[in-house]
1. Report ³J(HN,Hα) in whole Hz for each residue of the stretch 48-60, in order, from the Karplus equation J = 6.51 cos²θ - 1.76 cosθ + 1.60 where θ = phi - 60°; Gly and Pro get x.
2. Relative contact order (percent) for the stretch 22-140, with alpha-carbon contacts under 8 angstrom and 6 or more residues of separation?
3. Given labels modelled 7 Å from the Cα in the Cβ direction, how far is it in nm from Asn56 to Lys36?
4. Looking at the square roots a ≥ b ≥ c of the eigenvalues of the Cα gyration tensor of the chain, which shape do they give, rounded for a/c under 1.5, prolate if a/b is larger than b/c, or oblate?
5. If the only charges are +1 at each Lys and Arg Cβ and -1 at each Asp and Glu Cβ, what is the size of the charge dipole of the chain around the Cα centre, to the nearest 20 debye?
6. Starting at the first residue of the stretch 126-131, write each ³J(HN,Hα) from the Karplus equation 6.51 cos²θ - 1.76 cosθ + 1.60 with θ = phi - 60°, in whole Hz, x for Gly and Pro.
7. What nm value, rounded to one decimal, do you get for the distance between Asn63 and Asp86 when each label is placed 7 Å out toward the C-beta?
8. How much length would be gained if the chain were fully extended between Glu134 and Lys44, taking 0.36 nm per residue of separation minus their Cα-Cα distance, in nm to one decimal?
Amino acid sequence: MSTTSNNAELIDKLNRALALEMRAEVEYAHYAAYVKGINRLHLKPFFESEATESFNHASIVRNAINQLGGEAVTERDHTAILHTTDYQVMLQEVLETERLAAKTYHGILEMVTGNEELYDLIEQIYFAEVRSIEELTQLI
Ligand SMILES: [Fe+2]
């Protein structure tokens with residue numbers, strides 16, 4: 001990957017996205033464990049697949065940071081994860097998580113210039129976040 005003039009700022013933003021993905025992974029895994037009642041049938045696998053998606057996004061972002069010569073963070077975003085067994089609350093919480101992720105990736109796309117490979121990677125993740133938002137909006 002080529003270097004850009006705003007590399008340090010870009011690495012900071014990617015680290016922000018990475019910390020959010022690590023938080024999202026824990027949030028989804030937590031809700032997959034605690035979702036109760038008949039909705040557990042659908043929502044447990046849904047939350048688990050979203051947790052896996054967050055793990056995969058984190059891997060892509062981590063590798064990108066490494067390629068840019070940066071040091072990836074190892075701590076998740078510290079925003080508290082609300083414990084609940086109410087699936088409606090869970091869906092609202094993860095919708096906020098996805099909205100913040102989409103906004104963060106959108107901001108990163110605006111910063112990436114002259115690095116088509118990185119742009120494409122981040123764009124794919126951004127589209128996945130937008131799809132998650134659309135899906136969650138339908139579920140709520
Ligand atoms: Fe993601």
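Nothing in this text is a laboratory measurement; each read-out follows from the coordinates by a stated rule. Quantities reported herein were computed from a predicted structural model and do not represent experimental measurements. Positions of Cβ are generated from backbone atoms using ideal geometry, with glycine treated the same way; all protein chains shown enter the neighbour counts.
1. Along the stretch 48-60, the couplings run 5, 5, 5, 4, 5, 4, 5, 4, 5, 4, 4, 5, 5 Hz.
2. Values: 96 pairs, mean separation 31.8, N = 119.
It comes to 27 percent, rounded to a whole number.
3. Reported label-point gap for Asn56 and Lys36 is 3.2 nm.
4. Working: a/c = 2.62, a/b = 2.10, b/c = 1.25.
Prolate shape, in that a/c is at least 1.5 and a/b is the bigger ratio.
5. Details: 11 positive and 23 negative charges, 80 e Å.
That gives a dipole near 380 debye.
6. Result, ordered by residue: 4, 4, 5, 5, 5, 4 Hz.
7. Between Asn63 and Asp86, the simple spin-label model gives 4.1 nm.
8. Working: separation 90, 0.36 × 90 = 32.40 nm, distance 1.85 nm.
Length difference between fully extended and current span is 30.6 nm.
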